[in-house]
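A short write-up of the structure that comes next.
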Amino acid sequence: MGLILRASANTLRVNDTPLGSYFRRIYIPAIIATANKLGRILYTLVKTKTEYDESLLKTNESERLKKRLNKIRKEMEKIENQLDERA
């Protein structure tokens, strides 16, 4: 099963989906990490007997980007404050 998941994860490198984005974001250990993520998704689908819903991952991607934007804004404010103190 691990080999199948790693092979599947490797194909996400050129995939334009939230999972493909996840793969490219963590590129160095991406194959193993993405295979683990696929395994967790498959386990949840089998356990809950539901179909895969990509819209949930898109929501998570939007939330992640919003958090990243807020973090960058805070960092910018901190740098601006440091510049004001030096001036």
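Bear in mind that the values in this text are calculations on the coordinates, not laboratory data. Note that this is a predicted model, so its numbers are computed, not measured. Here Cβ is always computed from backbone atoms with ideal geometry, including for glycine, and neighbour counts include all displayed protein chains.
Some observations on this one:
- Extents of the range 1-52, largest first, come to 31, 21, 14 Å (Cα atoms, principal axes, whole angstrom).
- Taking 7 Å steps out from each Cα toward its Cβ at LEU42 and THR59 produces label points 2.5 nm apart.
- Other residues whose C-beta falls under 12 angstrom from the C-beta of LYS67 contribute a net charge of +4, scoring Lys and Arg +1 and Asp and Glu -1.
- For the chain, convex hull volume per residue from C-alpha positions, Å³: 119
- Within the straight-line cut-off of under 26 Å between alpha carbons, the lysines reachable from LYS67 are LYS37, LYS58, LYS78, sequence neighbours fewer than 8 places apart in one chain being disregarded.
- Taking the Cα centre of the chain as origin and assigning +1 to Lys and Arg Cβ atoms and -1 to Asp and Glu Cβ atoms, the resulting dipole is close to 280 debye.
- Residues LEU12, LEU56, LEU3, LEU19, sorted so that the one with the fewest Cβ neighbours within 10 Å comes first: LEU3, LEU56, LEU19, LEU12
- Placing unit charges on the Cβ atoms of the charged side chains and taking the dipole of the chain about its Cα centre, the candidate lying farthest along the positive direction among GLN82, ALA7, TYR22 is ALA7.
- Local electrostatic count at GLU54 - Lys and Arg +1, Asp and Glu -1, tallied over other residues with Cβ under 12 Å: -3
- 15 Å beta-carbon shell around ASN10, net charge (K/R +1, D/E -1): +4
- Springs join every pair of Cα atoms under 10 Å in this Gaussian network model of the chain, and among THR50, THR34, THR17 the largest mean-square fluctuation is at THR50.
- The chain, helix-only ellipticity at 222 nm - DSSP H runs n ≥ 4, -39,500 (n - 2.57), divided by all residues, nearest 500: -27000 deg cm²/dmol
- Among GLU54, GLU63, GLU75, residue whose mean-square fluctuation peaks in a GNM of the chain (springs only between Cα atoms under 10 Å): GLU75
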